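Peer 1: Please read through the structure below; I'll follow up with questions.
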Amino acid sequence: MNENDMDASTMAQMARAADTGAERPVKPALWLGWRKRCPQCGTGHMMQSYLKVRDHCPVCNEELSHHRADDGPAYLTILVVGHLMVPFFHFGFTIFRPEPMVLFSVLAILSVALGLYLLPRFKGLMVGVQWAKRMHGFAPDRELARQDM
């Protein structure tokens, strides 16, 4: 059986069985998290709804409930949106000189739209980093550690 004949769940099971506990590659996990995909198989959807992460991947059954994103995605969203909107505010005000309410309305709509776009992607990104770094229960021996307690 070659790699092209295997489906995503079979490849994920083989990867999980061969998991030695070494650090997983971070860049693919970041990219898959940004795309809101499972960091293990890359095909399953990570999000159940807008910001709710699934307990398990629907394709490879990788447990995703260990994530601890907390306020990180919101902080990153505010940081990025704020840094992107300040130049728009500056150039919009100095070059075009619109009415203050027009400038406020346009920038408020842009800020909300960009924030709504980035927030779930930053959450997926943080889950991908935690998965790659084996943080918060994403280690391969988590079942054995639970039985020992």
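Peer 1: Net charge near ALA132, counting Lys/Arg +1 and Asp/Glu -1 over other residues with Cβ under 12 Å of its Cβ?
Peer 2: The answer is +3.
Peer 1: Here's a follow-up. Amide H to amide H under 5 Å from HIS56: which residues, 5+ apart in sequence or cross-chain, H placed 1.01 Å off N in plane?
Peer 2: Under 5 Å from the amide H of HIS56 lie the amide H atoms of LEU64, each far enough along the sequence or on another chain.
Peer 1: Quick check on the exposure proxy: order HIS56, HIS67 from fewest to most C-beta atoms within 10 angstrom.
Peer 2: HIS56, HIS67
Peer 1: Rank the residues CYS38, CYS60 as a footprinting-exposure proxy: fewest other Cβ atoms within 10 Å of their Cβ go first.
Peer 2: The order, fewest Cβ neighbours first, is CYS60, CYS38.
Peer 1: Got a sec? How would THR43, THR77 order by Cβ neighbour count within 10 Å, fewest to most?
Peer 2: THR43, THR77
Each reported figure results from applying straightforward, stated rules to the coordinates on display, with no laboratory input. It should be emphasised that the depicted structure is a prediction, and the values quoted were computed from it without experimental measurement. When we count neighbours, we look across all protein chains shown, and the Cβ atoms used for this are built from the backbone with ideal geometry, even at glycine.
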